[in-house]
Amino acid sequence: MRFAHASYHITDRSQSLDFYRLLGFEPAEELHIGDAIHLFLDLGGRAALELVLSPGQPVGPGGGYRHVAVETTHMDAVLARIPAERGPFVTATGTRLAFLRDPDGYEVELIESRSDTVNDLTSATDFLHREAELLDDNLVDQWLEMLSEDLKYLVPLRSTRERARGAGFSRTAFHMKETYSSMRGRVRRLSSEYAWAEDPPSRTRRFVSNIRVKPGEQAGDLAVKSNLLLYRSRHDAVEHQLLVGERHDVLRPCDGTLKLARRIVLLDQTTLATHNLAVFL
């Protein structure tokens, strides 16, 4: 979170702008909302003040104060802790806003930073696409470097259940239940002369889509959901194998980059049409 700006009602546009220019403020943006004019002033290259010229509104000490604005990258996480009095809603310019009240009744405007939200999605998308490229090119040693050392990697078994009994994923039985240590062992074996089931290696192509990002439980983490379609062919066979499902990931910042800390793969199939799972999902 960071302070965004303070907001006040004014009576004379020219006098107010002249005054704040003397203090180093510079006009940055002007919006017309209803019959009010909103003047945004920057200080040191950052938004700091919103002056509102609105007919009939009180001004001066005690009457002209409007609100303090705070910018956040993850509005929903804030609103889970402090309920909004108004909003959230999206303005005509696409900005997501909500309004809170402090203990003394003063209004606090909450602004979601769209650029940071977009950056989270871009970072997660780049990570998943890079991961798919490395695995499809059989560069598993480089893929291992994308994993966090506290990794938990789960592919639960699925059974067919009535709708009322849920999706049918087991909590105790798994196709794969891996840690960083066991993944490192699998990668080393695939890179050795003893990986007979994968030598020659399978030819794979991963299609990653419907990527969704939200804040993780720990500060800085990204909770990422994505759909995966994995095509696999072996030797010179005409037949191919498909694995389809949804992945629930946690991407964690580490040394200036993102690493995979958690993955749960929820496969759509109950019976896998593949002779082994010597590939990574």
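The values are calculated or read from the model by the stated rules, or taken from the named source; none is laboratory data. Quick caveat: nothing in here was measured; it's all calculated off a predicted structure. Counting neighbours? That spans all protein chains shown, and the Cβs are built from the backbone with ideal geometry, glycine included. The area values use the complete protein model at the heavy-atom level, side chains included, leaving out ligands, DNA and RNA. Shrake-Rupley method; radii C 1.70, N 1.55, O 1.52, S 1.80 Å.
Helix 180-190 versus the longest principal axis of the chain: what angle, 0 to 90°, nearest 10, using Cα atoms? The angle comes out near 50 degrees.
Expressed as cubic angstrom per residue, what is the convex hull volume of the alpha carbon set of the stretch 1-56?
84 Å³
Multiplying each eigenvalue of the alpha-carbon gyration tensor of the stretch 133-281 by 5 and taking the square root yields semi-axes of 24, 22, 14 Å, largest first, rounded to whole angstroms. Sites listed here are trypsin sites (Lys or Arg not before Pro) in the stretch 110-164 whose DSSP assignment is loop and whose Cβ has at most 13 other Cβ atoms within 10 Å: R161. Highest average first, the peptides 40-48, 121-129 ordered by how many other beta carbon atoms sit within 10 Å of their residues are 121-129, 40-48.
At full extension, L43 and T125 could sit 26.1 nm farther apart than now, given 0.36 nm per residue minus the alpha carbon distance. Note on the stretch 240-279: Kirkwood radius taken over Cα pairs, Stokes-Einstein applied at 37 °C and 0.692 mPa s, translational D equal to 268 µm² s⁻¹.
Enclosing the Cα atoms of the stretch 203-275 in their convex hull gives a volume equal to 114 cubic angstrom per residue. For volume of the Cα convex hull per residue in Å³, the value computed from the atomic coordinates appears in the list [x] 143; [y] 134; [z] 195 under label [z].
Couplings 3J(HN,Hα) for the stretch 206-214, derived from phi with the Karplus relation 6.51 cos²θ - 1.76 cosθ + 1.60 (θ = phi - 60°), are 9, 10, 10, 8, 6, 7, 10, 10, 8 Hz, where x marks Gly and Pro. Counting only residues at least eight positions apart within a chain, or on another chain, the lysines with an alpha carbon under 18 Å from that of K177 are K152. Along its first, second and third principal axes, ordered by size, the stretch 124-168 spans 42, 22, 20 Å in Cα coordinates. Between R205 and K177, the FRET efficiency from the beta-carbon distance, with R0 = 35 Å, is close to 0.85.
Between V244 and F99, the FRET efficiency from the beta-carbon distance, with R0 = 41 Å, is close to 0.40. Where does the stretch 195-236 land on the Kirkwood hydrodynamic radius, alpha-carbon pairs, in angstrom? When all Cα pairs of the stretch 195-236 are included, the Kirkwood radius is 13.0 Å.
Counting 0.36 nm for each residue step from R165 to D141 and taking away their Cα separation leaves a gain of 4.6 nm. Helix 114-136 axis versus longest C-alpha principal axis of the chain: approximately 10°, rounded to the nearest ten. Amide H to amide H distances under 5 Å link F174 with L157, where only residues 5 or more positions off or on other chains count and H is placed in the peptide plane.
Give me the tail of P(r) for the stretch 84-176 as a percent: Cα-Cα pairs with distance above 18 Å. Counting every Cα pair in the stretch 84-176, those more than 18 Å apart make up 72 percent.
Solvent exposure of M176, expressed as accessible area, is near 0 Å², computed with a probe of 1.4 Å over the protein chains only.
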